[in-house]
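For reference, the structure discussed in these notes is given below.
The values are calculated or read from the model by the stated rules, or taken from the named source; none is laboratory data. The structure displayed is predicted, hence computed values, not measured ones. Ideal geometry is used to build each Cβ from the backbone, glycine not excepted, and the neighbour counts take in all protein chains shown.
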Amino acid sequence: MVEDVEEHMKRKHPKYAEYLHKREEKEALSICGYCGRMIKDWRKHVQESHPELIATYARKKKPKQEEEEEDFTKMFNL
């Protein structure tokens with residue numbers, strides 16, 4: 001069993017270790033505006049940590065306005 005995985009990867013698989021290191025650097029972290037935590041996946045974080053926000057915004061949806069029928073009598077002088 002390998003004790004130090006990072007050292008093993010550097011010695012035995014240097015190109016793959018470099019690729020993984022660069023990939024980790026590219027993973028963009030963002031700050032949650034509600035709790036201030038550093039997060040990777042904002043959507044997953046909100047679903048797990050802030051379900052009350054989803055419930056609040058779901059209730060605030062505006063109902064669709066029904067289209068009114070146009071009155072063509074004035075246009076055709078009827």
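Tell me, yes or no, whether segment 29-51 has at least one residue that is of a type in the set (Gly, Ala, Ser), out of contact with any helix residue (DSSP H, G or I) (no Cβ under 6 Å at 6 or more places or on another chain), surrounded by 10 or more Cβ atoms within 10 Å (Cβ to Cβ) and not in a strand (DSSP E or B).
Scanning segment 29-51, I find at least one residue that is of a type in the set (Gly, Ala, Ser), out of contact with any helix residue (DSSP H, G or I) (no Cβ under 6 Å at 6 or more places or on another chain), surrounded by 10 or more Cβ atoms within 10 Å (Cβ to Cβ) and not in a strand (DSSP E or B), so the answer is yes.
Out of (1) touching a residue at least 12 places away in the same chain (Cβ under 8 Å); (2) exposed (fewer than 10 other Cβ atoms within 10 Å of the Cβ), the odd one out for Glu68 is which?
The single condition Glu68 does not satisfy is (1).
Among the residues of segment 52-73, write down those that are over 30 Å from Glu24 (Cα atoms) and either among the β-branched types (Val, Ile, Thr) or part of a strand (DSSP E or B) (or both).
Thr56, Thr73
Hey, could you check segment 41-78 for residues that are within 30 Å of Glu6 (Cβ to Cβ) and either in contact with a strand residue (DSSP E or B) (Cβ under 8 Å, 6 or more places away or on another chain) or aromatic (Phe, Trp, Tyr) (or both) and say which is modelled with the highest pLDDT?
That would be His45.
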